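Following: one structure in structure tokens, then a few remarks.
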Amino acid sequence: MRKEKEEVEVDSSTEAKIKEAARKMFTQKGYSATRTRDIAEEAGINLSLLNYYFRSKERLFQIVMNEKLELLFGILEPVVNDGGTSLEHKLEHLIQLYMNMLSENPTLPIFVMNELKNNQHPFEHKLSLKDFLHNSILAKQLNEKRPDLNPFHFLVNILGLCIFPYIAQPIFSATCLVNDMEFQQLMEERKKLIPKWTHTFLNTVFT
């Protein structure tokens, strides 16, 4: 029994090391430029062992990409379907969660954007943000507050305010517009500004 337990722990540890190495290699180099040999070397194992666990680079990439998509969009569901919070509090909470997540994963939006744009492989993860939003509690609250606004457009605007600076950061750095420390300071300011902008937009009637 003890021997079986040790084998399971070793297997789990090896699998975790491979996944972590794959995350690092795919994030740094992208799918096309990453070889299975790169992942194996980063994980400190031989290539045959990697193939034993995951069969192919495509399979590993699907796992990593699904994780990234879940990280980027998965925080939406518990917030937008929370029936116990007001619309304003829900939006403020969503913005704070998103900005904190992006601060901890600043390269995530560019990685997801580049790999989805290349579209070289099928993804098991299906993005249905529009359908999901239309059936959410947030959509009902928005329709009650502003029946003239499309909830999909409204949420896309909020996500754009949060995500775009991280997509544009390489341009900011290359043009010396802001350094890394200044960028982080700006993002901290945006945590306070975006809820204010959202509140203004939500309460402005367009004619």
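If I ask for residues that are over 20 Å from residue 105 (Cβ atoms), free of Cβ contacts under 8 Å to residues at least 60 places away in the same chain and assigned to a helix (DSSP H, G or I), which ones from the stretch 188-207 would you list?
Within the stretch 188-207, 192, 193, 196, 197, 200, 201 qualify.
From the set of residues in the stretch 84-123 that are modelled with pLDDT of 90 or more and farther than 25 Å from residue 183 by Cβ, which is surrounded by the fewest Cβ atoms within 10 Å (Cβ to Cβ)?
84
Taking the condition of being outside any helix (DSSP H, G or I) and in contact with a Leu (Cβ under 9 Å, 6 or more places away or on another chain), how many residues in the stretch 156-187 meet it?
1
The values are calculated or read from the model by the stated rules, or taken from the named source; none is laboratory data. Since we're looking at a predicted model, the values are computed, not measured. Note that each Cβ is placed from the backbone with ideal geometry, even for glycine, and that neighbours are counted across all protein chains shown.
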